[in-house]
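These notes concern the structure reproduced below.
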Amino acid sequence: MAHRPETIIKQARERIARIRSTLSEIDYLCSGTLLRRTKVCGKPGCRCASDPDARHGPYFEWGHMKGGKLVHRTVSPEQAAILE
């Protein structure tokens, strides 16, 4: 049995209202990848060169698309917690 156009429109509007309600409950919404990195400094004699557990960091990077290109930005631990 075919649905009447009025019924279809009503169901679509109800679904849109439910989606809007769900989206309004989200505090932050962003796309991308959050990376947690440790780094080797390159100084001779520093422990980070030979001991992976002694590397510097952690540093957080957020990778996302901007203007059609992938960009990475260093973020603070506080910003990383929000992005997470």
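Restricting attention to region 20-36, report how many residues are over 21 Å from residue 70 (Cβ atoms) and in contact (Cβ under 8 Å) with a residue 24 or more places away in the chain. Outline the logic, then answer.
Start the filter on region 20-36 by keeping residues that are over 21 Å from residue 70 (Cβ atoms), which leaves 20-27.
When the remaining residues are screened for being in contact (Cβ under 8 Å) with a residue 24 or more places away in the chain, the result is none.
The qualifying residues number 0.
Within region 23-44, can you find the residues that are small (Gly, Ala, Ser) and either in contact with a Gly (Cβ under 6 Å, 6 or more places away or on another chain) or open to solvent by 80 Å² or more (accessible area, probe 1.4 Å) (or both)? Steps first, please.
Taking region 23-44 and keeping what is small (Gly, Ala, Ser), we get 24, 31-32, 42.
Those that are small (Gly, Ala, Ser) and either in contact with a Gly (Cβ under 6 Å, 6 or more places away or on another chain) or open to solvent by 80 Å² or more (accessible area, probe 1.4 Å) (or both): 24, 31, 32.
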The condition from (1) open to solvent by less than 90 Å² (accessible area, probe 1.4 Å); (2) among the charged types (D, E, K, R); (3) without any contact (Cβ under 8 Å) to a residue 12 or more places away in the chain that residue 13 misses is numbered (1)
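The values are calculated or read from the model by the stated rules, or taken from the named source; none is laboratory data. Remember, it's a predicted structure, so these values are computed and weren't measured experimentally. Note that we place each Cβ from the backbone using ideal geometry, even for glycine, and neighbour counts take in every protein chain shown. Areas reflect the complete protein model, heavy atoms only, side chains present, ligands, DNA and RNA absent. Shrake-Rupley method; radii C 1.70, N 1.55, O 1.52, S 1.80 Å.
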